[in-house]
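Derivation of every value follows stated rules applied to the coordinates shown; laboratory data play no part. Computed from a predicted model, the values in this text were never measured in an experiment. For neighbour counting, all protein chains shown are included, and Cβ atoms are generated from backbone atoms with ideal geometry for every residue, glycine included.
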Amino acid sequence: MHLTRRYFLKLSGAIGAYLGVTPFDLFAEDAAPAAALKPVRKGKTLVLVFMRGGVDGLNLVIPWKDKNYSTLRKSIQIPSPSREKNDGRAIDLDGFFGLHPRLAALLPFFKDGTAAALHAVGHDRNTRSHFEEQDVWETGVTGNTINSDGWVNRHLLTSTGHGPIRAVAIGEALPRIMHGKCCAYAVRGIDDLSLPDGRTDRATVGAALEHAYRKDAKKKAGDARDLLADTGQATLEGIEKLRGIVGQKYEPKLPYPQTDIARQLMQAARLIKADVGLEVVEVDYGGWDTHQFQGAAQGPYGDLAQGLAEALAAFVTDLGEKANDVIVLTMSDFGRTAEENGTGGTDHGWGNVLLAMSPSLKREGRKPVLGTWPGLAPDQLHDKRDLMHTTDFRDVMAEVVKGHLGNETLAKVLPDHEFKAVGLLQA
């Protein structure tokens, strides 16, 4: 059998599925020579939580002091904070913004300065399409994203790391944000990383790859062997590292909630603590497309908010001192309409809120909610219906890529954009 790139891709993909690991696109063009790249900061990790469906940021971090908020939202508004009674009311942050009451688990982090929100974040070419906007946020490219790889993968491509496992998605498939020319993994769960018959040796996979190579009788010198040596070797080393964690007993500092998002974040904590060179972790948390019966403090939206808050609180607490080297950042497709619709929900909108958590964010004088607030008056809304964006999402991503991970090649990671500081990290 002739070893074509297409055949090898199929073979390697099948092996990845067999192992519970999805490797990168093995046959994209080669990355730049490692000697020309600068290393990232050792031990730093960015954890991305993608809230798929378009989260209603106006009810996550509530502008309760904006008089137009309660006018726009008759049935789903979160009432203003009260000293006497807080049930179902916004949790005040700074006299203008407040947390959704079901985000109470995050309040201690906001109080001690290790959590922050960035409001009115988005971009100026929003289509309000789930598919297109998720692509935009994951590729970091506005407009035509068809041929674009993920901005996380471009971060990997333009830097060198400190181990074979630099990027992992905790889930069933590799998300678009990690697609590209460098090695990234999708892991359903660490304990799933075992072969069906109990074999866990690297030689099993290596033999399969080498077998495919030997059948290439017409190979060109260096072509197939370089392919196996580079991409196959990186995949094998990553799998071996992941497999090495399986047999280690893991006991979190405190019990995690029994939810999918909490279990995913516990897996992330386990990998981060294993010191395998992990730089980026991605976790999906869906269900935010609340067109109908969204609810206020109670209801499906409130349930999702509580699940997010309790999982994040458990995760950061579990990291212990390691949390100093980790930044958690949420993101979503887009925000939602400022005014509720006729079925007690919200429709696809524009500007949105991002949450960030890390002890490294703490500094004197930093506000709990960052960004320029555009207002909710009719003449302040985008198209008279949506929260206007005043911060470009790529500026937020750029700040964590450069300021936290230490990759300064922003023009390649997030191309065609003029960057502005957002104030999340110290300059």
**Item:** Per-residue Cβ neighbour rank within 10 angstrom, fewest leading, T372, T139, T158
**Value:** T372, T158, T139
**Item:** Q298-K67 FRET efficiency (beta carbon distance; Förster radius 22 Å; 0.05 resolution)
**Value:** 0.35
**Request:** Find the centroid of the Cα atoms in region 40-75 and in region 372-427, then give the distance between the two in whole Å.
**Result:** 14
**Rough spin-label spacing in nm, given labels placed 7 Å along Cα→Cβ, for S129 and Q248** = 4.4
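For the cross-link pairs K44/K362; K38/K241; K42/K402; K253/K402; K42/K367, which exceed 21 Å when the distance is taken from alpha carbon to alpha carbon?
Violating the 21 Å Cα-Cα cut-off are K38/K241; K253/K402; K42/K367.
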**Complete:** At 10 °C in a medium of viscosity 1.306 mPa s, region 304-420 has a Stokes-Einstein diffusion coefficient, with Rh taken as the Kirkwood radius over alpha carbon pairs, in µm² per second, of 96
**Request:** Would you tally the net charge around K44, using a Cβ to Cβ cut-off of less than 10 Å, leaving K44 out, and scoring K and R as +1, D and E as -1?
**Result:** 0
**Message:** Tell me which trypsin sites (Lys or Arg not before Pro) from region 344-381 have a DSSP coil assignment and no more than 12 other beta carbons within 10 Å of their own.
**Reply:** R363
**Asked** With the Cα gyration tensor of region 273-363 giving a ≥ b ≥ c as the square roots of its eigenvalues, does the rule (a/c under 1.5 for rounded; else a/b larger than b/c for prolate; else oblate) give rounded, prolate or oblate?
**Response** prolate
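Which chymotrypsin sites (Phe, Trp or Tyr not before Pro) does region 41-73 hold that lie in a coil by DSSP with at most 15 other beta carbons within 10 Å?
Nothing satisfies the criteria.
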**Fill in**
Nearest-0.05 FRET efficiency for R83 and K367 at R0 = 25 Å, using Cβ-Cβ distance, is 0.70
**Message:** Please give me, ordered by residue number, the trypsin sites (Lys or Arg not before Pro) of region 236-345 that lie in loop per DSSP and have at most 12 other Cβ atoms within 10 Å.
**Reply:** K249, K253
